[in-house]
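Below: one structure, written as structure tokens.
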There are 2 protein chains.
Amino acid sequence: MYAILVYDVDEKRVSKINKYLKRYLIWVQNSVFEGEITDALLNEMMDGLDERLKEGDSVILYKFKTKGYVDRFIIGEKRDLNVI
Amino acid sequence: MYAILVYDVDEKRVSKINKYLKRYLIWVQNSVFEGEITDALLNEMMDGLDERLKEGDSVILYKFKTKGYVDRFIIGEKRDLNVI
């Protein structure tokens, strides 16, 4: 499936969460990750996030059966988009 | 259509961009907006963003034909989700 994940975590944890998410998805913007991922890896990633997040942190995960459902437009600076 | 918009703008412009986007979509996380929107309003919104963004700012817009394509999961704090 295809996943988009956006997070809003305390500054103290940003670097740790970023590093963790890079194991599973592609970093496309400050606090946004995207990519193809299997059910098993997605579950593993979400379990790991549960352990790492603290009070006040927030993560939204959007899931799609296929990347074909998603049209993406970007204004401004791009990051790593050549690999998607 | 259904839209998800994530932005990464200089701190100086966050409040202005937030206020602007609230005219069109629903604020669901720090720098994330979502909602049903028409083609005409989406174009208007993106034109307005173009005028308001400066160098270094970044906006990603994800578009879907229908909200039915999107599964959403949240970990942690929620904002305004009762209205979606």
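Looking for something aromatic (Phe, Trp, Tyr), modelled with pLDDT under 95 and open to solvent by 40 Å² or more (accessible area, probe 1.4 Å) - is there at least one such residue anywhere in region B:64-73?
Yes, there is a match, as at least one residue in region B:64-73 is aromatic (Phe, Trp, Tyr), modelled with pLDDT under 95 and open to solvent by 40 Å² or more (accessible area, probe 1.4 Å).
Scanning for something outside any loop (DSSP other than H, G, I, E, B), out of contact with any strand residue (DSSP E or B) (no Cβ under 6 Å at 6 or more places or on another chain) and within 9 Å of chain A (Cβ to nearest Cβ), does region B:52-66 turn up at least one residue?
No - not one qualifying residue is present in region B:52-66.
The conditions are (1) modelled with pLDDT under 95; (2) crowded, with 17+ Cβ neighbours inside 10 Å; (3) among the acidic types (Asp, Glu); (4) within 21 Å of A:Leu61 (Cβ to Cβ), and B:Glu77 fails exactly one of them. Which is it?
The one condition B:Glu77 does not meet is (2).
Taking A:Asn82 as meeting all but one of (1) within 12 Å of chain B (Cβ to nearest Cβ); (2) at pLDDT below 90, write down the number of the exception.
A:Asn82 satisfies every listed condition except (1).
Taking region A:15-45, which residues are open to solvent by 80 Å² or more (accessible area, probe 1.4 Å), more than 14 Å from A:Tyr2 (Cβ to Cβ) and not in a helix (DSSP H, G or I)?
A:Lys22, A:Arg23
Tell me, yes or no, whether region A:46-61 has at least one residue that is under 30 Å from B:Asn43 (Cβ atoms), open to solvent by 40 Å² or more (accessible area, probe 1.4 Å) and not aromatic (Phe, Trp, Tyr).
no
Just give me the residues in region B:50-77 being among the aromatic types (Phe, Trp, Tyr) and under 14 Å from the mean Cα position of the chain (by Cα), in sequence order.
Of everything in region B:50-77, those that are among the aromatic types (Phe, Trp, Tyr) and under 14 Å from the mean Cα position of the chain (by Cα) turn out to be B:Tyr62, B:Phe64.
Within region B:33-49, identify whether any single residue is more than 10 Å from the chain's Cα centre (by Cα), under 25 Å from A:Asp50 (Cβ atoms) and either of a type in the set (Lys, Arg) or facing chain A (nearest Cβ under 9 Å) (or both), and answer yes or no.
Checked against the condition, which is being more than 10 Å from the chain's Cα centre (by Cα), under 25 Å from A:Asp50 (Cβ atoms) and either of a type in the set (Lys, Arg) or facing chain A (nearest Cβ under 9 Å) (or both), region B:33-49 yields no hits at all.
The values are calculated or read from the model by the stated rules, or taken from the named source; none is laboratory data. No experiment lies behind these values; they were computed from the predicted model shown. Quick reminder, even Gly has a Cβ in these numbers, built from the backbone with ideal geometry, and neighbours come from all protein chains shown. The protein model used for the area step is the full one, side chains on, heavy atoms only, and it has no ligands, DNA or RNA in it. Shrake-Rupley method; radii C 1.70, N 1.55, O 1.52, S 1.80 Å.
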